[in-house]
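The values are calculated or read from the model by the stated rules, or taken from the named source; none is laboratory data. Keep in mind the model is a prediction, meaning the values are calculated, not measured. Neighbour counts are summed over all protein chains in view; Cβ atoms, including those assigned to glycine, are modelled from backbone coordinates with ideal geometry.
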Amino acid sequence: MLGSSGTNGKLCIRGTKQDYDDWNIPGWSREEVFGYMKKAENFHDKKWFKADEQNHGYDGLLNVGSYDSAPISNMILESMEDLGLRKQPYMFTTGDNPHGCGHVPRTVYKGDRTTADGYFVNKGPNLAVKTETTVDKVILEGEGEGDKLKAVAVKVIEKDGSMREIKATKEIIEGRDPMGLTSAQLNIEFFSTECYGGLKQFTDFLDGENSHAFSLIAELFAPKSRGSVTLKSADPKDNPIVYHNYLSEELDVVVLSEACKFANEIITQGKGTRDIVDGSWPAALTHHKNTEREDWVPFVRDNATTCYHPAGTAKMGTDFDPMAVLDSELRVRGVKGLRVADTSVMPLLNQGHTQMPAYAIGEKAADLIKGKSLGMSSLTEKIGSNTLSQAQNNNSNGTLVLN
């Protein structure tokens, strides 16, 4: 029931405001999307965090807060500043600085992970939650084109294997796991782990007394490589066949290897960490001695993995976009009574993680169904005029990450 909110990294990175203007979809501008992210929040501040209070929400259903950092995290931030990344503690909330460093708010409250269950638990008799249930198909009535088809029911497989048809009195809202990417300018995000986060941690253990390790991860946003997703069969219980085809485009390798070079320089040259780091881990590795981008290419090809965040497989678009599945109100083109509300609707991915846009899409979908709107004037007041800054470069998020 919790979806990715029960397993994700809890990061609340909204992206830059230009990300959403680049969608060029009515009703989904920078002010509106940021306003819905704010609406979802119930933010809990701490004095050390230095939050930009006017950009946070305080009466939403998602508990969000600052997370106390270990000393190593503050040392890494010092090194990032030393190598030219301007520190702005609240940059991941305001979306006005795509080139800096700061602390990330998280879906954490009183030491516990917070999830999407706040939207579903104890919400009244008009909500029934079904788990371990697979949707087989959406049942359509009518024929032809031009909105002559209408979604009237869903056919589901219960956990005991029995089939059941659930009728819709108004609309069917589809939410699922997206599996696609869209193209945009490549860019990199660095994030650190306070404990060792590499894949080799499962075979090379630290004693925690005489040896300590951490990770600085270089995440590639908007990779150019493309794979494919195909059906294995007509059985809805069969997972699709996913061919990722990572690093098939040379530009992805170039950008990731340059990112690894810079990340290594942050740690080995930055004043916050240069005097405390002995080298790579496991100790037999020597990649910390790499000095040229080309030196990192074999490391990237051997170690790059995924950090997920796929989206865009049922994107919104205009009438003139042949790849658009949905209109600006999340309605499936050519079918009445059927909407999609998850990150698959995003025409371009944000320059950040997809958790907060997912909540914004859900909040927006609820208002669309109810015929409500936040309204541009109220949004401008809520967000704060001083943060409605100039356009930034067009960037969007991909899925490759280097441990």
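Observations
- Of all residues in region 44-70, none that is farther than 14 Å from Val104 by Cα and modelled with pLDDT of 95 or more has its Cβ atom under 7 Å from the Cβ atom of a residue that is charged (D, E, K, R) and surrounded by 14 or more Cβ atoms within 10 Å (Cβ to Cβ), 6 or more apart or on another chain.
- Taking the criterion of being part of a strand (DSSP E or B) and under 22 Å from Arg301 (Cα atoms), the residues of region 209-239 that qualify are Ser215, Leu216, Ile217, Ala218, Glu219, Leu220, Phe221, Ser228.
- Among the residues of region 110-129, not a single one is in contact with a Cys (Cβ under 7 Å, 6 or more places away or on another chain) and surrounded by 18 or more Cβ atoms within 10 Å (Cβ to Cβ).
- Every residue from region 240-293 that is of a type in the set (Lys, Arg), touching a helix residue (DSSP H, G or I) at 6+ places or on another chain (Cβ under 6 Å) and outside any loop (DSSP other than H, G, I, E, B): Lys261, Arg293
- With respect to the conditions (1) crowded, with 20+ Cβ neighbours inside 10 Å; (2) in a helix (DSSP H, G or I); (3) hydrophobic (A, V, I, L, M, F, W, C), Ile72 falls short on a single one, namely (1).
- Being β-branched (Val, Ile, Thr), over 20 Å from Gly100 (Cα atoms) and under 16 Å from the mean Cα position of the chain (by Cα) holds for only one residue in Thr16, Thr7, and it is Thr7.
- Residues in region 157-167 that are at pLDDT 90 or above and surrounded by 10 or more Cβ atoms within 10 Å (Cβ to Cβ): 5 in all.
- Residue list for region 3-32, restricted to those being under 30 Å from Thr131 (Cα atoms), among the hydroxyl-bearing types (Ser, Thr, Tyr) and part of a loop (DSSP other than H, G, I, E, B): Thr7
- Unique match (being within 26 Å of the chain's Cα centre (by Cα), acidic (Asp, Glu) and modelled with pLDDT under 95) among Asp342, Asp278: Asp342
- Cross-chain or 6+ apart pairs with Cβ under 8 Å, region 218-232 first and farther than 21 Å from Ile188 by Cβ and modelled with pLDDT of 80 or more, then outside any strand (DSSP E or B) and of a type in the set (D, E, K, R): Leu231/Asp238; Lys232/Asp238
- Matching entry among Ala51, Ala40 (being hydrophobic (A, V, I, L, M, F, W, C) and within 22 Å of Ile361 (Cβ to Cβ)): Ala40
- Candidate set from region 41-69 (those that are part of a strand (DSSP E or B) and not hydrophobic (A, V, I, L, M, F, W, C)); member that is surrounded by the fewest Cβ atoms within 10 Å (Cβ to Cβ): Tyr58
- One residue stands out among those in region 294-313 that are in contact (Cβ under 8 Å) with a residue 60 or more places away in the chain, surrounded by 21 or more Cβ atoms within 10 Å (Cβ to Cβ) and touching a helix residue (DSSP H, G or I) at 6+ places or on another chain (Cβ under 6 Å): the one that is farthest from His244 (Cα to Cα), which is Val300.
- Across region 262-275, the qualifying residues are those that are touching a residue at least 60 places away in the same chain (Cβ under 8 Å) and over 30 Å from the mean Cα position of the chain (by Cα), and the one among them that is farthest from Ile72 (Cα to Cα) is Gln269.
- Qualifying positions in region 109-147 - free of Cβ contacts under 8 Å to residues at least 24 places away in the same chain, out of contact with any Leu (no Cβ under 9 Å at 6 or more places or on another chain) and not in a strand (DSSP E or B): Lys110, Gly111, Val121, Asn122, Lys123, Gly124, Pro125, Asn126, Leu127, Ala128, Gly144
- The residues in region 314-329 that are over 19 Å from the mean Cα position of the chain (by Cα) and in contact (Cβ under 8 Å) with a residue 40 or more places away in the chain can be counted, and the count is 4.
- Odd one out for Leu348 among (1) modelled with pLDDT under 90; (2) surrounded by fewer than 21 Cβ atoms within 10 Å (Cβ to Cβ); (3) under 21 Å from the mean Cα position of the chain (by Cα): (2)
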